[in-house]
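Peer 1: Supplied in C-alpha cells, the structure appears directly below.
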Amino acid sequence: MSKNRHNNNNRAEKPLNTETKAAEDAAPEIKDVLDDETAEETVETETEVQNAELQNQLEAALADVEKEKKEYLFLMAEFDNYRKRVNREKADIIKNAAERVLLDMLPIVDDFERALAATADSTESLREGMTLIYNKLIKYLEHNGVKAMDTDGKPFDPDFHEAIARIPAPTDDLKGKVVDTTTKGYMLNDKVLRHAKVAVGE
C-alpha cells in the first residue's frame, strides 16, 4: 500500500513540474522584453542628454562668434577713424609745410610796399619795375595759400589782430574797431600765418 501511495505522489507531482517548467521557459522571454525596453529608454535618455549638450555647445559657439564679430567691427571702425585722422594730419602737414619759408618772406613784401610808397614821385619806369616784382611775389604767395587779411574798419579780434595802440576813434562807429593797420596780417589757408598789428579805436 505504501508503494501505491508513493506512485500516486509521483503522478501528482509530474503535472506541477511541467507547469513550473513552462513558466520558467516563458520567464526569460519576458525578462528579455523588459531588458530591451530599459535599454531603449537608456539610449533615448543618453541621446537627449547628448543633444542638449550639443545644443549648449552650439549656442556657446554662436555667442562667441557674435562677440568676436562685434569686436572685429569695433576694431575696424577704430582703424578707419585712425586712418582718416592720419590722412588729415598728413594733408595738413603737406599743406602747411612751407609755413616757415612763407613767413620769412613777408618782411620782404613789407619792404616792397614801403619802397613803392617812397618812390611815388620817382621815375615811372623804376616804379613799374618794382610793381612788377611785387605783384609776382604776391601771386607766388597766393599760389601757396597766403593771403593778406582785410583789417581796416573790422571789429578787433585777438585771434587775428595784435593791438599795439589805442587811439581815439574818428567816428563813434569805429570804437572797438581797427582804425589803422601798421603791419598787415596774413593767412595761410585757414590758419593765421602772421597776426596783423593794428591800432584800435576807443
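The values are calculated or read from the model by the stated rules, or taken from the named source; none is laboratory data. All of these numbers come straight from a predicted model, not from anything done at the bench. Cβ: placed from backbone, ideal geometry, glycine included. Neighbour counts: every protein chain shown. Note: areas computed on protein heavy atoms with side chains; ligands, DNA, RNA excluded. Shrake-Rupley method; radii C 1.70, N 1.55, O 1.52, S 1.80 Å.
Peer 1: Please indicate, with yes or no, whether at least one residue in region 75-93 is polar (S, T, N, Q) and modelled with pLDDT under 90. Please lay out each step first, then the result.
Peer 2: Within region 75-93, the first condition is being polar (S, T, N, Q), and the residues that meet it are 81, 87.
Then drop every residue that is not modelled with pLDDT under 90, which leaves none.
No, region 75-93 contains no residue that is polar (S, T, N, Q) and modelled with pLDDT under 90.
Peer 1: So in region 176-202, with the set limited to residues that are buried (at least 20 other Cβ atoms within 10 Å of the Cβ) and among the small types (Gly, Ala, Ser), which one is farthest from the chain's Cα centre (by Cα)?
Peer 2: Here the residue is 201.
Peer 1: Test residue 123 against the criterion of being over 30 Å from residue 91 (Cα atoms), out of contact with any His (no Cβ under 9 Å at 6 or more places or on another chain) and of a type in the set (S, T, N, Q), and give yes or no. Reasoning before the result, please.
Peer 2: Details: over 30 Å from residue 91 (Cα atoms): yes; out of contact with any His (no Cβ under 9 Å at 6 or more places or on another chain): yes; of a type in the set (S, T, N, Q): yes.
Yes: the conditions hold for residue 123.
Peer 1: Name the residues in region 147-173 that are surrounded by 14 or more Cβ atoms within 10 Å (Cβ to Cβ) and modelled with pLDDT under 90, would you?
Peer 2: Matches in region 147-173: 169 only.
This table checks each residue for (1) open to solvent by 100 Å² or more (accessible area, probe 1.4 Å); (2) part of a helix (DSSP H, G or I); (3) in contact (Cβ under 8 Å) with a residue 12 or more places away in the chain; (4) among the hydrophobic types (A, V, I, L, M, F, W, C).
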| residue | (1), (2), (3), (4) |
| --- | --- |
| 81 | no, yes, no, no |
| 90 | yes, yes, no, no |
| 103 | no, yes, yes, yes |
| 108 | no, yes, yes, yes |
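Peer 1: Further question: Go through region 156-202 and give me each residue that's farther than 29 Å from residue 139 by Cα and of a type in the set (Ser, Thr, Tyr).
Peer 2: 171
Peer 1: Please go through region 113-133 and give me each residue that is open to solvent by less than 60 Å² (accessible area, probe 1.4 Å) and at pLDDT 85 or above, ordered by number.
Peer 2: Those that are open to solvent by less than 60 Å² (accessible area, probe 1.4 Å) and at pLDDT 85 or above: 113, 131.
Peer 1: Still on this structure, I have one more. Taking region 116-161, which residues are small (Gly, Ala, Ser) and within 23 Å of residue 187 (Cα to Cα)? Steps first, answer last, please.
Peer 2: First pass over region 116-161, keeping only residues small (Gly, Ala, Ser): 117-118, 120, 122, 125, 129, 145, 148, 153.
Residues satisfying the conditions are 145, 148, 153.
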